[in-house]
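Participant: Have a look at the structure that comes next, please.
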Amino acid sequence: MKPQHWFIRYKLYHLPFWFVYHYLLWVVMIGSPVNAMNNIFASYYSVKYCFYVLLEAVAVYFNLYFLIPRVLEKGKYVQYVCYFMLTTLCCALLIIPGYYFSAWLSPQTFEEMYQHDPSNWMFFFQVNTFPSSMAAMTLGMSLKLAKNWVQSRQREQALEKEKLETELKFLKSQFNPHFLFNSINSIFVLINKDPRMASEALAKFSDILRYQLYECNEQQIPLGQELDYVSNYIELQKLRHDKDQSDLKIKMDTGNTSGYWIAPFILMPFIENAFKHVSRRPDGSNWIRMELNMSADRLLFNVSNSVGPATHSSIGIIQHGGLGLKNVRRRLELLYPQKHLLDIIEDKNTFRVHLTLSLPGHASPIQQTLTA
């Protein structure tokens, strides 16, 4: 760490603060900044001024660094109030000799300087020293509490940001092995079924791995980049699924995606779920429908697939407890709070997903939630 300047390290900047504070009070009392400056620096009133500055500063710091941590923060509230008032009272009483000392140094008499009899010290206590000491003590405590509150908020925000970042990384690390395992299984099926198709699938899989390893490490990535990844995955699944057994219809309107950003792997679990759990009826009534388009800054994404008796019983598990959809639900809550709408509809023969997502449209990635 860079060493602090001695002026900062020893908190000497507090001295100018108290001088300015008491100067402003003096300005308010006599109504003239110039006369206040002359009284402080060109008259014997400066002695009384120094008594105010030094003694009130001592009282304030005694409160801040002794009474608050050792009494107030330990829950001794009655004792703290008593000590607080006693400290204020002592400070106010100790300032009073400053009036007499300044008059003693001055060629003027006490009455000439302050227009009061020297024996009437209680007047100065009631009107000047005690209210001033109470104001200084209250101001110092207020500034300290405000500083502590700001620091506490900053710590809470830093901890929340760290927690979100850690959780997002964990969710992403969960998804990648899950997706890779399914993709490897798809290629394994193709090796015996059609070596040529397996070779094409392996090329697509290579592009997918490159994306996962090198191109999606940011919190937000270009929407077009994510859609290229989705297209590669769909092509990989097309090679695996028999066209005669599954009717696949995909409509991707990618003409209006320039300049928009999205969190990586947000769309993939829905697509993967559709391919994984599409029905396998022998009569051929198996289908998958996908549609994606942009409307203003909203991404509209619909995925649906047929389900059969064999897979229907597991859909509820996939929806509420399965790794893929449970993962993406949580990521949407973290990354797009109040900026997404997810509907998952299940009936006897169909499983549908409708996602509406408000996307940032900036020239560079943004950390939408983590810097909010």
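The values are calculated or read from the model by the stated rules, or taken from the named source; none is laboratory data. This structure is a prediction, so every number in the text was calculated from the model and none was measured. Here Cβ is always computed from backbone atoms with ideal geometry, including for glycine, and neighbour counts include all displayed protein chains. Just so you know, the surface numbers come from the protein's heavy atoms only, side chains and all, with ligands and any DNA or RNA stripped out. Shrake-Rupley method; radii C 1.70, N 1.55, O 1.52, S 1.80 Å.
Participant: Ranked highest first by average number of other Cβ atoms within 10 Å, how do 326-333, 30-37 line up?
Facilitator: Most protected by this proxy first, the peptides run 326-333, 30-37.
Participant: Around Arg280, which amide H atoms from residues at least 5 apart in sequence, or from another chain, sit under 5 Å from its own amide H, with H modelled in the peptide plane?
Facilitator: Gly308
Participant: Using 19 Å as the Cα-Cα cut-off, could you pick out the over-long pairs in Lys238/Lys276; Lys76/Lys147; Lys276/Lys326; Lys276/Lys348; Lys193/Lys238; Lys204/Lys238?
Facilitator: Over 19 Å Cα-Cα: Lys76/Lys147.
Participant: What list of ³J(HN,Hα) values in whole Hz, one per residue of region 95-111 in order, does the Karplus curve 6.51 cos²θ - 1.76 cosθ + 1.60 (θ = phi - 60°) give from phi, with Gly and Pro shown as x?
Facilitator: Once rounded to whole Hz, the list reads 6, 4, x, x, 5, 6, 5, 5, 5, 5, 6, 7, x, 7, 7, 4, 5.
Participant: May I ask you to give the solvent-accessible area per residue for region 33-129, in square angstrom, as obtained with a 1.4 angstrom probe?
Facilitator: That works out to 57 Å² for each residue.
Participant: Specify whether the C-alpha gyration tensor of region 66-128 places it in the rounded, prolate or oblate class, a ≥ b ≥ c being the square roots of the eigenvalues: rounded for a/c under 1.5, otherwise prolate if a/b is larger than b/c and oblate if not.
Facilitator: prolate
Participant: Also, I was wondering about something else. Among 294-303, 117-126, how do they line up by average Cβ neighbours within 10 Å per residue, starting with the highest?
Facilitator: Ranked from most to least packed, the peptides come out as 294-303, 117-126.
Participant: Within 10 Å, count the other beta carbons around each residue, average over each peptide in 348-357, 191-200, and list them highest first.
Facilitator: In descending order of packing, they fall as 348-357, 191-200.
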